[in-house]
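Structure first, commentary second.
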Amino acid sequence: MNETWTFNGYEMVVGLEVHVELATRTKLFSASPNRFGDEPNTNIDPVTLGLPGALPVLNRQAVELAMRLGLALDCTVQRSTFARKNYFYPDMPKAYQISQYDEPICVDGWLDLPGSIRVGIERAHLEEDTGKSTHVGGSGGRIHGSDFSLIDFNRAGVPLVEIVSRPDIRTPDQAKAYVGELRAILVAVGASDAKMEEGSMRVDANVSVRLPGAEFGTRCEIKNVNSVRSVGRAIEYEAQRQVGMLEAGEVIRQETRHWDENDGRTHTLRSKEDADDYRYFQEPDLVVVDPDAEWIERVRAGLPMLPAARRARLAEVTGQALDAEAILVVTERGQDAYVLAVANAGGDAGRALVHVKEAFAEQGDAPIVPAADLAGLTRLEVDGKLTATQAKQVLAEFVTNGGGDAETIAAAKGFEAMDTGELESMVDDAIESQPDAWAKFCAGEGKAMGALVGAVMKASKGQADGKAVSALLEQRRAVA
Amino acid sequence: MRAVAWLFVSDRITPEAVAKVAKLARLSLSDDELDQATHQLSAMLDHFADIDALDLDDVEPMTHPTPIANVMREDIEMDCLDRDEVLAAAPAAEDGRFRVPPILGLDD
Amino acid sequence: MSDSPSAAELPTSVGDIAWSVRNNITSAADVLERHLATIDEREGDIHAFNLVLADEARARAAEIDDAVTVGRDPGPLAGVPIALKDNLCTQGIPTTCSSKILDGWRPPYDATVVTRLRDAGAIVVGKTNLDEFAMGSSTENSAFGATRNPHDISRVPGGSSGGSAAAVAAGFAAASLGSDTGGSIRQPAALCGVVGVKPTYGAVSRYGLVAFASSLDQIGPFTHDVADAALVLEAISGHDQMDSTSIRQGPLHLSRQLDMGVAGLRVGRITDLPEGASPDVAARLDEAFDALRDAGAEIVDVEVPAFGYGLTAYYLIAPAEASSNLARYDGVRFGHRVEAPDTNAMYMATRTDGFGAEVKRRIMLGTYALSAGYYDAYYGRALRVRRRIAADFAAAYERADVLLTPASPTVAFHLGDKTSDPMSMYLCDTYTIPSNLTGDPALSVPFGTGDDGLPVGVQVLAPALEESRMFRTAAELERRVRK
């Protein structure tokens, strides 16, 4: 991961606002289903539609999930109130959104990125989602030039948590890692499936630039960032755009900008000066939410081991670095517990990690190969009875058959540890049959070893241990 | 930001402020209506200036008569409204959805 | 069933009707016809209703009578003809809030109070007229024409629940429901000479009441007498899971205590009450204190120093909440729409055309009170005044069990008297507003007449959830004035 990013001497200052849809069965303030993909306007009720006389009633499970994710981010869970954010838009049924303003449910947490950068979490609060509008006529489904719009209120009222980070992010990679890690945590605690491509996780970036040590500059909010990759591209573009403006002596206007994935640029959406006055006031139809210490502790105690802790545990057991690729990948797949199980069954954790990373991409978090079987395989490797290549082939059988006994399979394949004498004679045969390669190798061309090793492998039908062959060749060269 | 209590009576609220507020509330006023509204709102706000005299520094806002807390419901589905019925009552509908004119002049 | 009884034989009170019908002495149909006949006679002059539901009511009366015939309990309000203010959602039946913007709108659901009344066996005879969206004190702000006071049709019935008050006063219904945000039940009750009750905030579910000001609105009954009001309130009150502000307790129990009298009760006279009551009203109030003293109550002097600031606090808080509650009337999903080339223009045209002048005025006032830069001076400050008022009342209630004030400063005024000066209309609510701000219960009980022989109402106030002592006091006043 890039640890620093500068452009013409400027650094970027980035905060991310992430909205996640909570994985509840029903909506935040009414009992219509919280479901993606149903026929339009089939998950509606008087509250969802904002009909006259309808009243909101808070979903306990939404509060529980908000607490879970807040505690997983080391936030303080506090007494909170709801507020109305008033503005007109066709997908806003009441012409106000019920959100949290002065007193959000979670405050003052943090997220540690792999590589130990800490990003502060200012707050996380509950709010309801809006409906969805589709624009008909015009080009590309955009608003401008459309003939009319159609509104579906299925999504209206779905529970969201908005997680606001402090402006602690300094590079595109950090931003991407933040999003990735946040997602992993949300999934781990069961708060959300957090899929950017489905809209259950949405990222807005607040970007400004400054010379190191100077005050924060004016920031712009970037919207329409729809993938982790876009997060990196968008903030990089925006930071560079701002630097360009500053260097040209222009003033940066505080505004909201739209990221266009196709042309790779941000465009003005609206300036903050024209923005609606939201006239926030405390929601009179709802009462205070004040989880008691007992509830908070119950939620905290029920949290699963979080990704960072799981990575640390896996790294320790396998002897790898915390941010080693294998550690990141295997933990993200949820296969870290499996590797530990292999170790507990007497296997070699390091070898198991490599195998799982390379061969278990499709296995999900509950691999079909019994841990004891893989343990057996790794023991053979460690004892020198199988080469890495041979082990891979046994592993392939494991995957096809859902396990097996390593020794039996090895024997069936005719894998035997080759004794040294046999190996030495094969090496000598190779030297004899490849005089040009041998000459080059002796002259110092390391590449020439490949042909010699290849010959031994061919003669041994792939059973020779490549490392042992290389070692023998070097021995021969030394005395040649 | 305190209301400035010593301004002369008819200037309690300006026509510009009334126009701004009307726009926020999506109400359009003719010039006469704007005038009348300014006068009426001004008179009201004059009357309402009586609370400026109170010392309320130690008084917390009261948003609610009842001190109840933690009213929540279980995460259980209830029956939904019938879509056809609802759309039949809508001013305009198409394709199972509510139809509106192009969304312009609003924040995107 | 006996031959159709004459009008004189039919019960007219809620209690008598229900008892009679349940015990198969009178049929629900007969009681209903009597009321429908009265409507035929006088509704043309009074215009209490936006909609009379004669057919639906007859069908329901038949159901009630069938139930009685087969021995099924039809409920504690069996056969009672009831009118509903037209801001209460009735499924499939137009609910207009007397506004053009909801003209013809049929809710897909019933308000909780409507369900409870139906389950109790009551028969809905119609939806009554109101000031548009419950904003007003005379029912002159209705988009469908004013309602007139049955005692003098050149005068207003009060508002905003003028139609509901008039319906009971004129004998169109045995009881009706209204809503009270700043006095909209109690003031029309006083002007029409009927009982009107605003319960403790949260005692009656607001689910299905079209919101005006959410932290102030409450639904309550209009009836001929105090005992009837107790019966209706018992039927509609109690926790509702659809309303988060609903108090977590069962229905109120009031009927049994009505005859307990007031011996030993401390009745407070507010010595620093704001001026404005006309001499005839003030005289009736004095007589009310005398009556209670004669009945054994102890009259105590109390002060509520912030009482008079209630008007300002109310007229900043209520319009602020209303400006938000009424934003949903945008022509998108239901109700009136004026087509336009884009959505924003549609909003402007729809709302400008659909709302009346008073509603627009309050929306603008409320929007201003919440707007950036003004929140602290207006809405924010008003919320603190509210708490100060609540504190003053709490202190008064340490020395008194109930308080007495006028309900309306004057008897019913003529149509048109106050329509050119909004502020003059707002002053009608001077004595009723504080109870909405504090959430405490209050009622108006008829107590004699004033100028021109018009009804006067005395307001009884009590602390939160102390409806019982409030009703006892009102029952005593009722006994004494009828002597």
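Based on the alpha carbons, how large is the Rg to Rh ratio for the range C:7-257 when Rh follows Kirkwood? Let's see the in-between values first.
Details: Rg = 16.3 Å, Rh = 17.4 Å.
Result for the range C:7-257 is an Rg/Rh of 0.94.
Counting only chymotrypsin sites (Phe, Trp or Tyr not before Pro) that are in a DSSP loop and have at most 16 other C-beta atoms within 10 Å, tell me the longest site-free stretch of chain A. Let's see the in-between values first.
Working: sites that count: A:Phe36, A:Phe216.
It runs A:217-480.
What percentage of the solvent-accessible surface of the range C:29-174, computed with a 1.4 Å probe over protein heavy atoms, is contributed by carbon and sulfur atoms? All intermediate terms of the calculation are to be shown ahead of the outcome.
Working: 1950 of 4250 Å².
Ligands and nucleic acids excluded, carbon and sulfur reach 46 percent.
What's the center-to-center distance, using Cα atoms, between the range C:136-166 and the range C:416-443 in Å?
Using only Cα atoms to place each centre, the spacing works out to 15 Å.
When each pair of different Cα atoms in the protein assembly as shown is counted once in the 1/r mean, what is the Kirkwood radius in angstroms, to one decimal? Each step should come with its number before you reach the end.
Numbers: mean 1/r = 0.0299 Å⁻¹.
Kirkwood radius, the protein assembly as shown: 33.4 Å.
Tell me, which longest segment in chain C has none of the GluC sites (Glu not before Pro) that fall in DSSP loops with at most 14 further Cβ atoms within 10 Å? Intermediate results must be reported in sequence, preceding the final value.
Details: sites that count: C:Glu275, C:Glu339, C:Glu398.
For GluC sites (Glu not before Pro) (loop position, at most 14 other Cβ atoms within 10 Å), the longest site-free span of chain C is C:1-274.
Mind checking which of A:Val453, A:Val20, C:Ile82 is farthest towards the positive end of the protein assembly as shown's charge dipole, using Cβ charges of +1 (Lys, Arg) and -1 (Asp, Glu) about the Cα centre?
Towards the positive end, the residue furthest out is A:Val453.
Of B:Asp58, B:Asp32, C:Asp421, which has the most accessible area with a 1.4 Å probe, and how do the rest follow in descending order? Spell out each step's value before the answer.
Numbers: B:Asp58 150, B:Asp32 125, C:Asp421 70 Å².
Largest accessible area first, the list is B:Asp58, B:Asp32, C:Asp421.
Nearest 20 debye, what's the magnitude of the dipole of chain C about its Cα centre given +1 on Lys and Arg Cβ and -1 on Asp and Glu Cβ?
Working: 43 positive and 61 negative charges, 220 e Å.
Charge dipole, chain C, about its Cα centre: 1060 debye, nearest 20.
Do any residues of the range C:229-257 show a loss of at least 40 square angstrom of accessible area between the isolated chain and the full protein assembly, using a 1.4 Å probe, and if so which?
C:Met242, C:Ser244, C:Thr245, C:Arg248
If you split all Cα-Cα distances of chain C into 20 Å bins from zero, what percentages do you get per bin, shortest first?
26, 59, 15, 0
For chain A, what are the per-bin percents of Cα-Cα distances with bins 10 Å wide, up to the bin holding the maximum?
4, 15, 20, 20, 15, 11, 8, 4, 1, 0
Run through the range C:20-52 and list the trypsin sites (Lys or Arg not before Pro) located in a DSSP loop whose Cβ has at most 14 other Cβ atoms within 10 Å. If you can, show how the numbers build up before the last one.
Working: sites: C:Arg22, C:Arg34, C:Arg42; in loops: none.
The qualifying sites: there are none.
Treat every Asp and Glu Cβ in the range A:338-393 as -1 and every Lys and Arg Cβ as +1, leave all other atoms uncharged, and give the resulting dipole magnitude about the Cα centre to the nearest 20 debye. The partial results should precede the final answer.
Working: 5 positive and 7 negative charges, 30 e Å.
Computed about the Cα centre, the dipole is about 140 debye.
For chain A, list the cysteines whose Cβ sits under 4.7 Å from no other cysteine Cβ?
A:Cys220, A:Cys442
Give the share of C-alpha pairs in each 10 angstrom bin for the range C:306-388, from 0 to the last occupied bin, in whole percents, shortest bins first.
Calculated P(r), rounded to whole percents: 19, 39, 26, 13, 3, 0.
For C:His414, what accessible area in Å² do you get when you roll a 1.4 Å probe over the heavy atoms of the protein chains, rounding to the nearest 10?
Per-residue accessible area (C:His414): approximately 70 Å².
Only bridges with both residues in chain C count here: give the DSSP antiparallel percent, nearest 5. Provide the component values of the computation, followed by the final result.
On the way: 29 of 45 bridges.
Here the antiparallel bridges make up roughly 65 percent for chain C.
Normalised by the residues of chain C, what does the relative contact order come to in percent, with Cα pairs under 8 Å and at least six apart? Write out the running numbers ahead of the final one.
Values: 1201 pairs, mean separation 79.1, N = 483.
Worked out over chain C, it gives 16 percent.
Tell me: how much accessible area in total is hidden between C and A, 1.4 Å probe, Å², nearest 100? Before the final figure, lay out each step's value.
Details: alone 18030 and 23410 Å², together 38860 Å².
Interface area, both chains combined: 2600 Å², rounded to the nearest 100.
Per residue, how much accessible area does the range A:420-479 show when a 1.4 Å probe rolls over the protein heavy atoms, in square angstrom? Working shown, then result.
Working: 3450 Å² over 60 residues.
Averaged over the residues of the range A:420-479, the accessible area is 57 Å².
Using a 1.4 Å probe and counting only protein heavy atoms, how much accessible surface gets buried when B and A come together, both sides summed, in Å² to the nearest 100? Before the final figure, lay out the partial values.
Working: alone 10910 and 23410 Å², together 30210 Å².
Chains B and A together bury approximately 4100 Å².
Counting Lys and Arg as +1 and Asp and Glu as -1, each charge on the Cβ, what is the dipole of the protein assembly as shown about the Cα centre in debye, to the nearest 20? It would help to have the intermediate numbers written out before the result.
On the way: 103 positive and 159 negative charges, 120 e Å.
That gives a dipole near 580 debye.
What's the longest piece of chain A with no exposed GluC sites (Glu not before Pro), counting a site as exposed if DSSP puts it in a loop and it has at most 10 other beta carbons within 10 Å?
On the way: sites that count: A:Glu3, A:Glu215, A:Glu250, A:Glu362.
My reading of the result: A:4-214 is the longest stretch.
Using a 1.4 Å probe on protein heavy atoms only, how many Å² of accessible area do C and B hide from each other, summed over both chains and rounded to 100? Could the numbers behind the result be given before it?
Values: alone 18030 and 10910 Å², together 23490 Å².
Summing both chains' loss of accessible area gives about 5500 Å².
Separation of the range A:267-345 and the range C:73-116 by C-alpha centroid, Å?
48 Å
Accessible area per residue, 1.4 Å probe, Å², for chain C: what's the number? Don't jump to the answer; show the numbers that get you there.
Values: 14270 Å² over 483 residues.
Per residue, chain C has 30 Å² of solvent-accessible surface.
Where the centre of each part is set by its Cα atoms, how far does the range C:15-53 sit from the range A:34-50, in angstrom?
Comparing the Cα centres of the range C:15-53 and the range A:34-50, I get a distance of 41 Å.
Provide the per residue accessible area, probe 1.4 Å, for the range A:198-311, rounded to a whole number of square angstrom.
Details: 5460 Å² over 114 residues.
Heavy-atom accessible area per residue stands at 48 Å².
Calculate how many DSSP beta bridges within the protein assembly as shown are antiparallel, expressed in % of all such bridges and rounded to the nearest 5.
On the way: 91 of 113 bridges.
Expressed as a percentage, antiparallel bridges in the protein assembly as shown total about 80.
What do you get for trypsin sites (Lys or Arg not before Pro) in the range A:1-94 restricted to DSSP loop and a cutoff of at most 16 other Cβ within 10 Å of the site's Cβ? Intermediate values should be presented prior to the final figure.
Working: sites: A:Arg25, A:Lys27, A:Arg35, A:Arg60, A:Arg68, A:Arg79, A:Arg84, A:Lys85, A:Lys94; in loops: A:Arg25, A:Lys27, A:Arg35, A:Arg79, A:Lys94.
Answer by residue number: A:Arg25, A:Arg35, A:Arg79.
Can you list the residues in the range A:35-71 whose accessible area drops by at least 40 Å² when all protein chains are present, compared with the chain alone? Use a 1.4 Å probe, heavy atoms only.
A:Pro40, A:Asn41, A:Ile44, A:Pro46, A:Leu49, A:Leu51, A:Pro52, A:Gly53, A:Leu55, A:Val57, A:Leu58, A:Arg60
So which trypsin sites (Lys or Arg not before Pro) in the range A:123-190 end up in coil per DSSP with only 13 or fewer other C-beta atoms within 10 Å?
Working: sites: A:Arg123, A:Lys132, A:Arg142, A:Arg155, A:Arg170, A:Lys176, A:Arg183; in loops: A:Arg142, A:Arg155, A:Arg170.
Those that pass, being in a loop and sparsely packed, are A:Arg142.
Report in % the part of the accessible area of chain A that belongs to carbon and sulfur, leaving out ligands and nucleic acids; probe 1.4 Å.
48 percent
Taking 7 Å along the Cα-to-C-beta vector as the label spot, tell me the A:Arg300-A:Lys392 distance in nanometres, rounded to one decimal.
4.9 nm
With an 8 Å cut-off on Cα pairs and a minimum separation of 6 or more residues, tell me the relative contact order of the range A:11-300 in percent. Don't jump to the answer; show the numbers that get you there.
Details: 659 pairs, mean separation 69.8, N = 290.
Relative contact order, the range A:11-300: 24 percent.
Taking the Cα-to-Cβ direction at C:Asp259 and at B:Leu54 and moving 7 Å from each Cα, how far apart do the two end points lie in nm?
4.4 nm
Explain nothing, just compute: Karplus ³J(HN,Hα) = 6.51 cos²θ - 1.76 cosθ + 1.60, θ = phi - 60°, for every residue of the range C:166-178 in order, whole Hz, x for Gly and Pro.
5, 4, 6, 4, 8, x, 6, 8, 7, 7, 8, 10, x
From the protein chains alone at 1.4 Å, what is the descending order of accessible area for A:Val288, A:Val330, largest first?
Values: A:Val288 25, A:Val330 0 Å².
The ordering from most to least exposed comes out as A:Val288, A:Val330.
Towards the positive end of the charge dipole of the protein assembly as shown, with charges on Cβ (+1 Lys, Arg; -1 Asp, Glu), say which of C:Ser323, C:Val262, A:Ala293 has the farthest Cα.
A:Ala293
The values are calculated or read from the model by the stated rules, or taken from the named source; none is laboratory data. Just so it is clear, the structure is predicted and the values come from calculations on it, not from any experiment. Quick reminder, even Gly has a Cβ in these numbers, built from the backbone with ideal geometry, and neighbours come from all protein chains shown. Accessible surface areas use protein heavy atoms only, side chains included; no ligands, DNA or RNA. Shrake-Rupley method; radii C 1.70, N 1.55, O 1.52, S 1.80 Å.
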